[in-house]
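Below you'll find the structure, written out as structure tokens, and then a few comments.
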Amino acid sequence: QVQLVESGGGSIQPGGSLRLSCAASGFPFDDYVITWFRQVPGKEREAVSCIINSNGTTYYADSVKGRFTIATDNAKNTVYLQMNSLRAEDTAVYFCATDQEAIILDDSSWAMDAFYSYWGQGTQVIVSS
């Protein structure tokens, strides 16, 4: 039973920082892909960042490059999303998702939400003045 438990969301002013956490259990964490998605009501879910845990390869959406950093703590089976220089357009519900590395077929596969079998509950981030 794969489980992903998210935390760290909240309300913050533009320019501030938040760190989201996703605690994982029930699967071989070191061999999986872990990805953060976000979604605004009425819009499609957007891939934010991904890490292939076995080799440390990371991916970022253009909208967050240079501001967000994804990292894992394998001893704690936890993935983090450090979000700096937050903007109003970062407001969304953020989801953690995971699956086997086999879903990564090319450089665009990481962003396909349909490829992921396991999802967290989502944590809300609100960036406003």
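Tabulated data for the structure shown
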item: 9 Å beta-carbon shell around residue 53, net charge (K/R +1, D/E -1); result: -3
item: Additional length obtainable on full extension of the chain from residue 57 to residue 114, 0.36 nm per residue less Cα span; result: 18.5 nm
item: Partnerless cysteines, meaning none of the other Cys C-beta atoms lie under 4.7 Å away, in the chain; result: 50
item: Where the Cα pairs of the chain fall when distances are cut into 5 Å bins, in %; result: 2, 12, 23, 26, 20, 11, 5, 1, 0
item: Under 14 Å, Cβ to Cβ, from residue 73 - net charge with Lys/Arg +1 and Asp/Glu -1; result: +1
item: For the chain, built as a Gaussian network whose Cα springs stay under 10 Å, the top-fluctuating residue of 81, 105, 18; result: 105
item: Rel. contact order, % - alpha carbon contacts under 8 angstrom, at least six apart, the chain; result: 35 percent
item: Against the rule of thumb 2.2 N^0.38 Å, how large the Cα Rg of region 1-42 comes out; result: 1.48
item: Charge dipole (debye, nearest 20) of the chain; +1 at Cβ of Lys and Arg, -1 at Cβ of Asp and Glu; result: 500 debye
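Read the figures in this text as sums done on the coordinates, not as results from a lab. Because the structure is predicted, anything quoted here is derived from the model rather than measured. Don't worry about glycine lacking a Cβ; one is built from the backbone with ideal geometry, like all the others, and counts go over all protein chains shown.
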